[in-house]
Amino acid sequence: MSRFGFWAVLIAILGASITFTQAQTWPVVQNCMGDLTYPIVAKGNWQFSGVITSYLERQGVWAARGDRNVEYFIAQQSDNSHSFAGGFSPDGVYYAFPTGGREVNTAITDWLIVRHIAVVRTDGLTDESYRHEANYADMIGSDHFVEPIGALPLVYWIDQEWLFYENERNEVLIWNFRTDETRTWEQEVNAFRLAYPAPTWTRIFADHELYDLETDTPLGFFRLPQQTIVWQQDSSAFLAPTETEIQWIDQDGAILDFIPLQAAHLALAPNDRWLAVWDQSQQLLIADLDNQLIYDLCFTWKGFDRGTKRLFPNLAWSPDGATLAFNYDGFLVLLDLATLTNQVIDHRPGWITDWLPLEGETISLATIEIRPPEAAPTATSTITPNPPTVTPTPFLMITATPGPTTCALEVIAGANLRAGPGVNTEKLGSAAIGFQLVADGVQFNQTEYFRWWRLTTGEWIREDFVREDSACDSLPVIPPTE
């Protein structure tokens with residue numbers, strides 16, 4: 001129990017008991033979205049806005065940008081790069097994550113050593129990056145070294161420039177990635193691992209306690225699982241799943257309602273009205289928070305078997321709140337909330353985590369209503385994971401034949417050709433959009449967190465400036481000393 005102990009527990013219990021009698025029954029309406037709409041929308045025909053991100057286990061933070069029809073890594077995962085333990089800036093323009101190392105401490109536990117914090121852009125077009133000397137070796141125990149993104153957050157954003165992190169002495173430090181200024185966190189609350197700050201930074205939920213950051217005081221103690229807690233955009237309340245329901249709690253700790261869903265993962269739309277839920281049976285449901293109503297979409301996700309008690313990310317709302325993205329059958333699915341129609345996109349994501357706007361993009365929140373059941377076609381609850389009519393494109397095919405010695409690259413943004421695998425090496429030339437290049441090797445730059453392709457002509461080009469074919473995945477890896 002925390003230092004606020006008995007009184008915090010008593011306040012939380014009394015608040016819950018008083019409000020519990022006011023909880024309402026949420027009717028469930030079956031409103032089926034139907035089967036997925038194959039064939040797949042091929043790359044080159046994508047039309048979604050912004051950047052959809054996912055986490056590829058053991059590989060890193062993967063992205064698809066709809067306006068340019070490109071795929072790229074925002075941050076790669078390795079023993080030295082802990083990309084799964086980071087987070088996006090409030091505007092989605094940057095991604096921050098810890099780096100350091102890994103030690104195998106016992107037969108069942110790995111230790112993540114944090115020595116630096118890296119910040120990179122998310123648009124897939126620029127080389128802009130920042131690196132902060134954290135000045136400590138923070139060893140974080142993890143019995144599963146590679147986790148879904150956000151499962152072990154070690155870096156948090158306060159606003160568009162300031163980040164904070166907790167060191168091994170439980171000291172919280174604040175860092176401005178643009179000016180490289182560092183400060184000490186002055187608030188009394190300092191338990192930030194698995195913390196959930198409100199968007200306006202007036203409240204924070206950490207270590208089972210809700211704190212008022214403006215007065216630096218605790219507001220209540222809650223025995224809630226701390227895997228997924230979702231704040232409303234206006235910071236007036238948050239939603240937290242338990243074993244039996246979703247608790248809807250206001251910013252002062254009073255329980256507003258109990259949503260009768262056993263949730264495995266939550267995603268709240270930007271307008272704070274629509275709550276998308278994968279329940280413990282992996283059914284997709286939408287809760288209407290304004291009208292206390294639940295829509296059963298008659299859709300079951302047949303994904304990774306992580307156990308009924310393990311929460312997983314696989315939902316993201318578009319910035320305007322009109323479309324829901326998730327991974328199904330290994331492809332990216334975009335569900336239009338108003339019509340309950342969908343598109344299956346030719347993109348192989350991992351765990352869907354976020355849908356980011358582009359820098360400077362004007363976002364207007366969509367005002368939509370879910371299509372009424374009487375307007376729906378004949379409902380079906382049968383989803384075919386692998387329709388026989390689907391033929392994967394050559395880009396997606398995997399064969400057992402020996403790896404090729406070269407592969408084709410198409411330039412998708414004007415790029416410099418370098419003498420080595422890094423932006424600090426000599427510029428040898430350039431390539432315009434549409435150029436066709438041939439690569440014969442690849443190297444991962446640990447500082448920039450990008451792959452570089454070595455061309456048969458001797459120059460190097462970074463992965464986010466080209467579209468590679470599937471053969472590139474089998475090219476030999478070139479050691480850094482070569």
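Residues are listed down the side, and each one gets a yes or a no for (1) modelled with pLDDT under 80; (2) assigned to a strand (DSSP E or B); (3) touching a Ser or Thr at 6+ places or on another chain (Cβ under 8 Å); (4) farther than 22 Å from Y95 by Cβ:
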residue	(1), (2), (3), (4)
D123	no, no, no, no
Y130	no, yes, no, no
A134	yes, yes, no, no
I140	yes, yes, no, no
V146	yes, no, no, no
R178	no, no, no, no
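Could you tell me whether any residue of the range 442-450 is aromatic (F, W, Y) and at pLDDT 90 or above? Break it down stepwise before answering.
Residues of the range 442-450 aromatic (F, W, Y): 444, 449-450.
Filter once more, keeping what is at pLDDT 90 or above: none.
Checked the range 442-450: no residue is aromatic (F, W, Y) and at pLDDT 90 or above.
Which of the following residues is of a type outside the set (S, T, N, Q), surrounded by fewer than 21 Cβ atoms within 10 Å (Cβ to Cβ) and assigned by TED's automatic domain parsing to the domain that holds L112: P241, P270?
That would be P270, the only listed residue that is of a type outside the set (S, T, N, Q), surrounded by fewer than 21 Cβ atoms within 10 Å (Cβ to Cβ) and assigned by TED's automatic domain parsing to the domain that holds L112.
So is L315 at pLDDT 90 or above, crowded, with 21+ Cβ neighbours inside 10 Å, on the phi < 0 side of the Ramachandran plot and in contact with an Asp or Glu (Cβ under 9 Å, 6 or more places away or on another chain) or not?
no
Find all pairs meeting these conditions: Cβ atoms under 9 angstrom apart; at least six residues apart or on different chains; first residue within the range 351-362 and assigned to a strand (DSSP E or B); second residue among the basic types (K, R).
Sorted first by the residue in the range 351-362, then by its partner, the list stays empty.
Which pairs turn up if I take residues in the range 464-479 that are touching a residue at least 12 places away in the same chain (Cβ under 8 Å) and look for partners that are of a type in the set (G, A, S) with beta carbon separation below 6 Å, at least 6 apart in sequence or on another chain?
D464/G124; F465/A413; F465/A415; D469/A408; S474/G403; L475/G441; P476/G441; I478/G441
Residues of the range 419-435 being modelled with pLDDT under 90 and either surrounded by 14 or more Cβ atoms within 10 Å (Cβ to Cβ) or under 15 Å from D464 (Cα atoms) (or both), which ones?
G422, V423, T425, L428, S430, A431, A432, I433, G434, F435, listed by residue number.
The values are calculated or read from the model by the stated rules, or taken from the named source; none is laboratory data. Just so you know, these numbers come straight off a predicted model, no measurement behind them. All Cβ positions, even for glycine, are placed from backbone atoms using ideal geometry, and neighbour counts span all protein chains on display.
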